[in-house]
Amino acid sequence: MEKQERRHAAAVRLGDPWYEALPPEWGEWTGTGGSAAPAGRDPGAPGGVTEAAGIYAEIQRGAAFQEVRNRYRRFVVPASLAFLGWYLAYVVAATAAPGLMARPVAGAVNVAMVAGLGQFLSTFLLTWAYARHARLHRDRAALELRWAVFDRRTRGAGAEGDGR
């Protein structure tokens, strides 16, 4: 909250779910020097769980959430395996085939140097591909889910207020 107070008032959209809708297991800082009960927990409620926890569980079981999660996995699992395979191939070649890695490519530059620089290049390319995939295939759907949670929480707290 302190960080938001230092920003220009027009720069922060009040009620933005990226700042307001925390999962029930996350704690919140009260800003008074002490810590509050974790968000979504009400010590007086049966089992200590409020309506917010039910909202998050319902969203998580929903088709939209599953689709976002599947899109994430369809990119991350193959990309991680490919990158790990490329890295292990580099390490194995460096230890098992030193003659191959020492072969000159151009002047003092050998195969090991080219492959090592390829590791850096592939890291940057993978980072770019991940950010592009997230922007094109997941960010909008994830934001819509965040707004759905926010809308349900504010509707549930509309009559009695949520103390903010």
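In table form, for the structure just shown:
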| item | result |
| --- | --- |
| Extreme residue, farthest from residue 70 (Cα to Cα), among residues of region 129-157 that are at pLDDT below 80 and crowded, with 16+ Cβ neighbours inside 10 Å | 153 |
| Complete set of residues in region 112-133 that are touching a residue at least 40 places away in the same chain (Cβ under 8 Å) and aliphatic (A, V, I, L, M) | 126, 129 |
| Counted residues, region 71-116 - those being of a type outside the set (Phe, Trp, Tyr) and either closer than 30 Å to residue 137 by Cβ or not in a helix (DSSP H, G or I) (or both) | 24 |
| All positions within region 96-122 that are within 24 Å of the chain's Cα centre (by Cα) and loosely packed, with under 13 Cβ neighbours inside 10 Å | 120, 121 |
| Filter result for residue 68 (under 28 Å from residue 53 (Cα atoms), part of a helix (DSSP H, G or I) and β-branched (Val, Ile, Thr)) | yes |
| Long-range neighbours under 6 Å by Cβ, at least six apart or interchain, first residue over 30 Å from residue 102 (Cβ atoms) within region 66-91, second open to solvent by 70 Å² or more (accessible area, probe 1.4 Å) | 71/137 |
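The values are calculated or read from the model by the stated rules, or taken from the named source; none is laboratory data. Since the structure is predicted, the reported quantities are computational estimates derived from the model, not experimental observations. Please note: Cβ atoms are built from the backbone with ideal geometry, for glycine as well, and neighbour counts cover all protein chains shown. Please note that ligands, DNA and RNA were not included when accessible areas were found on the heavy atoms of the full protein model with its side chains. Shrake-Rupley method; radii C 1.70, N 1.55, O 1.52, S 1.80 Å.
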